[in-house]
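Input: a single structure, listed below in structure tokens.
The values are calculated or read from the model by the stated rules, or taken from the named source; none is laboratory data. On a predicted model such as this, the values are computed, not experimentally measured, just so you know. We place every Cβ from the backbone using ideal geometry, glycine too, and count neighbours over all the protein chains shown.
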Number of protein chains: 2
Amino acid sequence: MSDHDELIHSLRARGHRLTPQRRLVLEALQHGDHHMSADEIAQTIIAHYPSISVDPATIYRTLRWLRDVDLVSETSLGQNHMVYALLGSDDHHHLVCEGCSGVIEIDPSILDPVRQELKARYGFAARLAHISIFGLCARCQIGEHEG
Amino acid sequence: MSDHDELIHSLRARGHRLTPQRRLVLEALQHGDHHMSADEIAQTIIAHYPSISVDPATIYRTLRWLRDVDLVSETSLGQNHMVYALLGSDDHHHLVCEGCSGVIEIDPSILDPVRQELKARYGFAARLAHISIFGLCARCQIGEHEG
DNA sequence: TCTCTATCTGCAAACAGTTGCACATGTATT
DNA sequence: AATACATGTGCAACTGTTTGCAGATAGAGA
Ligand SMILES: [Zn+2]
Ligand SMILES: [Zn+2]
Ligand SMILES: [Zn+2]
Ligand SMILES: [Zn+2]
């Protein structure tokens, strides 16, 4: 059984269904760019299948479901909407500058010690994949203090 | 000059104004509970000064301003609204369970190494005060796997 | 105290995302 | 293939938050 089939089987065993809408959202995430907004996902579906329309509410519900089963990340990059990405490859986090809106992609291992400590101390399994950390980049820290 | 006066002076020097609306939001944050939603702030203002009304947009803009000058934190606790809190006392972070919505308050020092490493490696000044980390609490991890 | 202007406010419209509900459908079972 | 029901979908209404704009005002300077 392939990984994909196994995943589907495992999800079905837990009472989840694989509907056409869900397949379309997954396909859009596979074909699209790394970070996709809900609207970009909708546009991609329309572009590939002009005769089909998927309700925005269904897209949002599908994305939440994919996040809950750990297939997709939901991330803020400091814009006024979330972006979604398939998990499992091209692993990284983001430093988002609140001064210039710049985004620096960083190695994800920086959070490993925190994740381990949260598990050891509190038994808490942190969902820390593909997240953003907000703050000020080096350039934007200059001229921060009164003057 | 008191700390408070010095702060006001420093803000004014940067072109910021201290308007009645901003004073009211600050006062509400001082009098209210630790975590306040924008709506709770509005309600607190109305309760204290029934004749005055502050537009919600102004409250949101004031909260963003207070956050940008590092006086207030803006935090998601997994509800569909943000909560705001004055910074500087009762320092902590949150572990928010996506299974049962429970919130565990934790010691803030756990993120100190990350903050230091981000500064050293990338020159990035992370705004990591009073944040939330999402995941699953010990109890909600039981029965997570297919069955 | 008066003037000036950059900043701030209120309003209304817009936006991202959620929710309630009635109907539709995927999937297990037969 | 037909049945049955839990789960999912579309729609419309709603919530929390942001934005554009025109008029108001805090605070600096004269
Ligand atoms: Zn920057
Ligand atoms: Zn990314
Ligand atoms: Zn839990
Ligand atoms: Zn808190």
Considering the stretch B:95-127 alone, what residues qualify as being in contact (Cβ under 8 Å) with a residue 24 or more places away in the chain and either under 15 Å from A:LEU111 (Cβ atoms) or assigned to a strand (DSSP E or B) (or both)?
-> B:LEU95, B:VAL96, B:CYS97, B:VAL103, B:ILE104
Conditions (1) surrounded by 16 or more Cβ atoms within 10 Å (Cβ to Cβ); (2) under 14 Å from B:GLY135 (Cβ atoms); (3) under 17 Å from the mean Cα position of the chain (by Cα); (4) not hydrophobic (A, V, I, L, M, F, W, C): number failed by A:HIS93 | (2)
Of these, B:ARG121, B:ARG139, which one is over 25 Å from A:ASP70 (Cα atoms) and either among the charged types (D, E, K, R) or within 16 Å of ligand 3 (Cβ to nearest atom) (or both)?
-> B:ARG121
Count - residues of the stretch A:77-111 that are hydroxyl-bearing (Ser, Thr, Tyr) and within 17 Å of A:ASP33 (Cβ to Cβ) = 2
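For the stretch B:68-91, how many residues meet the condition of being away from DNA strand C (no atom under 12 Å from the Cβ), within 13 Å of chain A (Cβ to nearest Cβ) and modelled with pLDDT of 95 or more? Lay out the reasoning, then the answer.
Our first condition is that a residue be away from DNA strand C (no atom under 12 Å from the Cβ); within the stretch B:68-91, this holds for B:70-75, B:77, B:82-91.
With the extra rule that they be within 13 Å of chain A (Cβ to nearest Cβ), the set shrinks to B:70, B:73-75, B:82.
With the extra rule that they be modelled with pLDDT of 95 or more, the set shrinks to B:73-75, B:82.
Going through the stretch B:68-91 one residue at a time, the tally reaches 4.
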Taking the condition away from ligand 4 (no atom under 15 Å from the Cβ) and within 18 Å of the chain's Cα centre (by Cα), does B:ALA120 pass?
-> no
Which of the following residues is within 11 Å of chain A (Cβ to nearest Cβ) and in contact with a Phe, Trp or Tyr (Cβ under 8 Å, 6 or more places away or on another chain): B:ILE110, B:ILE142, B:ILE131, B:ILE104?
-> B:ILE104
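Residue-by-condition table, conditions (1) within 15 Å of the chain's Cα centre (by Cα); (2) under 25 Å from A:ARG127 (Cα atoms); (3) loosely packed, with under 14 Cβ neighbours inside 10 Å:
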| site | (1), (2), (3) |
| --- | --- |
| A:ILE8 | no, yes, no |
| A:ARG12 | no, yes, yes |
| A:LEU18 | no, yes, yes |
| A:LEU26 | yes, yes, no |
| A:HIS35 | yes, yes, no |
| A:ALA42 | no, no, no |
| A:ILE45 | no, no, no |
| A:HIS48 | no, no, yes |
| A:ALA57 | no, yes, yes |
Note: among A:ARG115, A:ARG61, just one is surrounded by 13 or more Cβ atoms within 10 Å (Cβ to Cβ), more than 16 Å from ligand 1 (Cβ to nearest atom) and within 14 Å of another protein chain (Cβ to nearest Cβ), namely A:ARG115
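Looking at B:PRO50, B:PRO108, which one is within 29 Å of A:LEU118 (Cβ to Cβ) and not hydroxyl-bearing (Ser, Thr, Tyr)? Outline the logic, then answer.
Working: B:PRO50 fails: within 29 Å of A:LEU118 (Cβ to Cβ).
Residue meeting the stated conditions: B:PRO108.
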Just for the stretch A:30-42: of the residues that are in contact with a strand residue (DSSP E or B) (Cβ under 9 Å, 6 or more places away or on another chain) and within 14 Å of DNA strand C (Cβ to nearest atom), which one is farthest from A:ALA57 (Cα to Cα)?
-> A:HIS35
